[in-house]
1. With respect to A:Leu114, determine if the residue is in the same structural domain as A:Tyr9 (by TED's automatic domain parsing) and over 15 Å from A:Thr33 (Cα atoms).
2. How do the pairs read when you match residues in segment A:251-272 that are open to solvent by 50 Å² or more (accessible area, probe 1.4 Å) with residues anywhere that are of a type in the set (Val, Ile, Thr) and outside any helix (DSSP H, G or I), using Cβ under 7 Å and keeping only pairs 6 or more apart or on different chains?
3. Among the listed residues A:Ile101, A:Ile140, A:Ile154, A:Ile110, identify the single one that is open to solvent by less than 10 Å² (accessible area, probe 1.4 Å), modelled with pLDDT of 95 or more and in a helix (DSSP H, G or I).
4. It is to be established whether one or more residues within segment A:275-294 are over 40 Å from the mean Cα position of the chain (by Cα), of a type outside the set (Ser, Thr, Tyr) and modelled with pLDDT of 85 or more.
5. Hey, can you tell me all the residues within segment B:189-225 that are under 36 Å from the mean Cα position of the chain (by Cα) and of a type in the set (D, E, K, R)?
6. Scan segment B:198-245 residue by residue and report those that are open to solvent by 30 Å² or more (accessible area, probe 1.4 Å), within 16 Å of the ligand (Cβ to nearest atom) and more than 7 Å from chain A (Cβ to nearest Cβ).
7. Any idea how many residues of segment B:1-25 are part of a helix (DSSP H, G or I) and not charged (D, E, K, R)?
Amino acid sequence: MINTNLITYIERIEDIDILVESGVKEAIIGTSTLSRFGNLSNSQAQDIAKACKSVGIRPVLEWDILMTENVFNMTIKTFEHLDLNAFVAIRLQDPGAVNYIIENYPEHKIQMILESGGHHNLEAVKIWQTLAGGNLERAILSLELSKNILEEYIRELDVEVELLGLGRILLFYTPRSLVAPMFGTDDKDHKQVNKAPIEVSASSEESPHKGFPVIENMHGTFMFNTKDIFLLEYLDEIGDVGLQHLRIDLRFGHDLSLLKKIASLKTNFSKEKATSIKDEYPVVTNRGFFHVNKSDVLFKKLKNYRIQRSDMQFIGDVVEVNKKKHIGIVLRSRQNGLKVGDSIRLHTPDGKEKTTKINSLKTSAHEEVSHAEHGQVIFIPHISGISVKTSVYLDM
Amino acid sequence: MSHWVPELLAPAGSLEKLKVAILYGANAVYLGGQKFGLRSAAENFTLEELEEGVQFAHERNAQVYVVLNSFFHDKDFDTLGEFIAKLEEFKVDAVIVSDPGVIKYITENSNVEVHLSTQASCLNVQSAKLWKKLGVTRVVLGREVSVAEAAKIKKEAGLEVEMFIHGSMCMAYSGNCVISNFTQGRDSNRGGCAHSCRFEYKLEGVDPNSGTEFSKNSFFMSSKDLEGIRVLPEFINGEIDSLKVEGRMKSHLYAGTISKVYSEALSYYKEHGDFLSDELKTWENELTKVSHRAYTNASLVEPAKADSIYDEREHEEIEYAAVGAILEVVNTDKNKYLLVEVRSAFNLQEDLELIPFRGRAVEFKMDSIKNVMDEDIERTRPGSLVKIPYVEGAKQWNLLRRRVEQ
Ligand code: SF4
């Protein structure tokens with residue numbers, strides 16, 4: 001028996017039976033004004049919540065849109081008309097919504113959506129515990145945390161943890177209307193109540209992945225990954241790390257009855273069974289970063305590891321090389337000037353190092369000088385193998 | 001009488017760009033160290049460069065903010081303390097942070113002021129209040145926030161607010177795009193953004209109007225660049241504390257020109273209390289001379305509309321290119337010339353412009369070019385020094401530019 005709870009979304013009161021049959025103990029309910037993809041009115045949401053409660057399912061209200069100040073003020077007008085007692089907790093992402101709930105509804109439990117933003121370290125997750133205090137009942141963590149990290153966080157946190165186990169992976173969220181303009185349609189016709197979002201599929205020659213689902217609705221434009229996340233083949237590992245809640249997202253036209261098969265994995269898990277569910281699932285899937293996340297390994301290689309000044313003996317950079325004649329150096333350091341008799345070290349951009357003693361210093365007007373200082377351009381006799389952008393150091 | 005104006009905050013992708021931005025009028029600069037920033041390919045500052053940059057800025061009454069806006073992994077904290085101690089020692093004016101864990105660490109372990117990065121997408125009063133509880137003193141608001149909303153946030157949350165006024169824009173809510181993470185294995189919130197929003201996409205689906213199949217190629221996720229010079233009165237009325245220019249990866253010419261234009265406009269206001277200057281057109285014109293996509297004021301006045309989409313293949317409109325920087329101004333009885341570090345080749349008899357730190361660009365014809373051995377040459381080469389005739393008013397670090405033939 002795997003102890004991880006399965007939770008899911010509910011959009012129609014008729015679906016309660018499937019949830020009951022699947023043994024699901026918690027359902028997420030989204031209204032069109034508060035939830036990115038919700039399409040229920042306040043009263044529909046409340047009715048579903050009450051129906052859920054009556055069969056022992058915890059109804060949780062989803063408020064996951066991000067809001068500029070004006071949108072926030074419009075949103076709370078509808079929010080204030082909701083009977084919050086119909087719900088056992090509220091799922092929030094915008095820190096503004098969090099603050100609003102903490103300050104105005106301190107008796108309500110919060111499930112904090114930390115799937116995006118800077119929540120890839122334990123301290124960042126713990127802060128929400130501090131801010132929301134006892135009101136925080138759950139941290140919904142990022143799919144980018146691999147299993148080992150997840151295990152550590154579950155151990156260290158005082159709140160329960162949730163992860164998306166099956167469903168679309170949101171890649172991009174903007175409040176701007178990006179698709180409707182292409183149809184020359186008046187936005188209002190399609191987006192006012194989230195009932196008829198526009199959905200297209202996007203493919204680019206510049207990306208090997210084809211067919212990104214894109215949805216535009218009243219809250220903006222959303223792009224999803226071409227592959228959905230599917231972690232059910234690792235449900236045993238998920239149970240072993242102690243994850244308390246796994247979210248199954250069968251919105252966007254999927255058959256909710258798949259839930260029953262998924263739920264049966266809890267009591268009778270086998271990889272084969274999970275794989276057969278995967279085969280039945282109509283969208284190509286992957287396991288995301290569940291086993292390993294190397295997404296910051298590659299970009300380290302992108303870094304420009306040019307030779308940079310790295311010690312207090314730095315003098316300046318080579319700005320001109322005239323073969324067999326001279327090298328021009330602009331003196332950039334305030335601490336160190338250059339004088340005849342000094343020894344210098346030159347680090348070329350391709351990693352070579354040369355040392356030489358200064359026997360002559362000339363200005364751009366060809367005057368011999370004994371020393372030069374910050375801001376001046378100075379010329380020394382040519383040294384082979386030195387190129388422009390070479391860093392010059394005093395060799396002490 | 002002097003009128004209040006906001007701080008002008010410019011990008012400093014390198015020590016030299018820091019100097020250029022400040023000399024051309026920026027009141028503050030932001031820069032990245034070798035770690036913890038999002039611009040992984042920018043020429044980030046070594047500690048020595050950072051120290052010198054802070055000294056240079058402070059001597060000119062300018063502020064320096066250090067960007068630590070990458071989303072941290074647990075292991076990154078191992079070296080954070082050491083870095084913050086250095087920043088404190090150098091007296092940087094603030095750090096810009098997006099990660100709540102880092103905010104907590106810095107506020108608990110140092111006296112460095114913390115500004116909330118736009119990556120945290122702070123969009124409303126309540127959100128600003130929450131970040132204030134964590135000890136941030138300024139919020140860099142999301143680009144979706146209008147100036148009027150920002151003014152309200154400042155007033156009601158009691159925090160300093162900073163807004164973007166110019167530059168490239170993420171189309172997504174900042175910090176809410178992971179396209180690169182899942183499609184290219186590069187964490188966009190740790191410096192690996194592959195700019196997938198700038199790609200051309202073929203969109204297929206059903207036309208909601210006609211119900212028929214639909215297919216169209218479009219750069220539908222690409223945003224035009226932000227330009228807010230016409231919105232300056234609103235920024236001032238709203239008492240927005242700081243106006244930020246995007247672009248640490250951009251050129252010296254960009255850093256210099258944008259700093260110059262906005263600082264001249266703000267100085268004009270400071271003196272006159274309005275923007276009814278004959279120069280307004282010139283300022284706008286100057287902004288078109290640096291590389292940019294088509295401009296929009298995005299959501300500064302009202303939420304960005306369809307005309308803010310840059311539905312074209314990614315290209316920058318470049319009217320002018322930097323050809324060099326003046327390293328020395330020699331003006332003695334015996335010698336009179338400008339020593340120029342050549343960045344892009346130019347020819348004898350070409351028309352160039354010198355961009356002074358203040359005032360209009362000075363046009364001149366290149367009627368003599370000498371190499372440093374005083375030999376006449378006809379064409380310069382990048383990465384060399386040349387002597388050109390003295391131009392009245394020229395100063396060390398002034399930039400030279402040339403019109404690019406389109
Ligand atoms: S792909 Fe575009 S929207 Fe996404 S992070 Fe990069 S610039 Fe921003």
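The values are calculated or read from the model by the stated rules, or taken from the named source; none is laboratory data. Bear in mind the structure is a predicted one, so any value in this text is a computation, not a measurement. Virtual Cβ from ideal backbone geometry, glycine too; neighbours counted across all protein chains shown. Accessible surface is based on the protein model in full, side chains and every heavy atom, while ligands, DNA and RNA are left aside. Shrake-Rupley method; radii C 1.70, N 1.55, O 1.52, S 1.80 Å.
1. Details: in the same structural domain as A:Tyr9 (by TED's automatic domain parsing): yes; over 15 Å from A:Thr33 (Cα atoms): yes.
It is true that A:Leu114 is in the same structural domain as A:Tyr9 (by TED's automatic domain parsing) and over 15 Å from A:Thr33 (Cα atoms).
2. Within 7 Å, the pairs are A:Phe269/A:Ile2.
3. Details: A:Ile140 fails: in a helix (DSSP H, G or I); A:Ile154 fails: open to solvent by less than 10 Å² (accessible area, probe 1.4 Å); A:Ile110 fails: in a helix (DSSP H, G or I).
The conditions single out A:Ile101.
4. Initial filter on segment A:275-294 (over 40 Å from the mean Cα position of the chain (by Cα)): none.
No.
5. Let us first name the residues in segment B:189-225 that are under 36 Å from the mean Cα position of the chain (by Cα), namely B:189-203, B:216-225.
B:Arg190, B:Arg198, B:Glu200, B:Lys202, B:Lys216, B:Lys224, B:Asp225 - these are the residues of segment B:189-225 that are under 36 Å from the mean Cα position of the chain (by Cα) and of a type in the set (D, E, K, R).
6. B:Lys224
7. Of segment B:1-25, the ones part of a helix (DSSP H, G or I) are B:15-23.
Pick out the ones that are also not charged (D, E, K, R) and you get B:15, B:18, B:20-23.
Looking only at that region, the number is 6.
Here's the yes/no breakdown for (1) within 11 Å of chain A (Cβ to nearest Cβ); (2) modelled with pLDDT under 95; (3) under 20 Å from B:Arg60 (Cα atoms):
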| position | (1), (2), (3) |
| --- | --- |
| B:Ser2 | no, yes, yes |
| B:Val5 | no, no, yes |
| B:Leu9 | no, no, yes |
| B:Ala12 | no, no, yes |
| B:Glu16 | yes, yes, yes |
| B:Tyr30 | no, no, yes |
| B:Leu38 | yes, yes, no |
| B:Ala41 | yes, yes, no |
